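Written below as C-alpha cells is the structure these notes are about.
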Amino acid sequence: MLTNPNGEQTADGYTWSQTNDEVELKLTVASGTKAKYVKVNFGSTKLKITVAGQTLAQGDTGGPVAVDECTYTIQDEGGKRELCVTLGKKNNTTWTQAVIRN
C-alpha cells in the first residue's frame, strides 16, 4: 500500500482516503461508464463493487460501516472517468485498509 502526498492510499486497483466519519474509494472506469452499469453492494462489514459485470473490488471492509450513510457517484476527474464510493464509518476508528480482499 502506497500513500501519496494528498493522503490518498493506493491498493488493489483503487485509491482511498479517510476522515473520522467516512472512507472514500476512487476507481478508474471506462469513459462511457454510466450509473446503470454500476452495482455497489454495501454491507455492515463487506463491500462489492461491480461495473458492467466485472467485479472491481470485493471483500471485508477495514471497519464497521454505517450502510445508510454510503453512496457512490461517477465523475470526470483529471481527464479520466472515475467511480467514487463513500462508506460511512460506524465509529471513528482509523482503518488500515479500505477493503480486504477475500
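Side notes on the structure shown:
Residues are listed down the side, and each one gets a yes or a no for (1) surrounded by 17 or more Cβ atoms within 10 Å (Cβ to Cβ); (2) more than 22 Å from THR96 (Cβ to Cβ); (3) of a type in the set (D, E, K, R):
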{"residue": "GLN9", "(1), (2), (3)": "yes, no, no"}
{"residue": "PHE42", "(1), (2), (3)": "yes, no, no"}
{"residue": "ALA52", "(1), (2), (3)": "no, yes, no"}
{"residue": "PRO64", "(1), (2), (3)": "no, no, no"}
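- Residues that are outside any loop (DSSP other than H, G, I, E, B) and either at positive phi or not hydroxyl-bearing (Ser, Thr, Tyr) (or both), drawn from region 31-51: ALA35, LYS36, VAL38, LYS39, VAL40, ASN41, PHE42, LYS46, LEU47, LYS48, ILE49, VAL51
- Checklist (1) in contact with a helix residue (DSSP H, G or I) (Cβ under 8 Å, 6 or more places away or on another chain); (2) surrounded by 12 or more Cβ atoms within 10 Å (Cβ to Cβ); (3) in contact (Cβ under 8 Å) with a residue 24 or more places away in the chain applied to CYS84, failing item: (1)
- Tally of residues being under 12 Å from the mean Cα position of the chain (by Cα) and either under 26 Å from LYS36 (Cβ atoms) or outside any strand (DSSP E or B) (or both) across region 75-100: 10
- Take the conditions (1) free of Cβ contacts under 8 Å to residues at least 60 places away in the same chain; (2) buried (at least 16 other Cβ atoms within 10 Å of the Cβ); VAL23 misses just one of them, which is (1).
- Pairing residues of region 64-78 that are closer than 21 Å to THR94 by Cβ with residues that are surrounded by fewer than 12 Cβ atoms within 10 Å (Cβ to Cβ), at Cβ distances under 7 Å and at least 6 apart in sequence or on separate chains, gives PRO64/SER44; PRO64/ASN91; VAL65/SER44; VAL67/SER44.
Since every read-out is calculated from the coordinates, none of them should be taken as a lab result. Quick caveat, the model's predicted, so the values are computed rather than measured. No Cβ is skipped: glycine too gets one built from the backbone with ideal geometry, and neighbour counts run over all protein chains shown.
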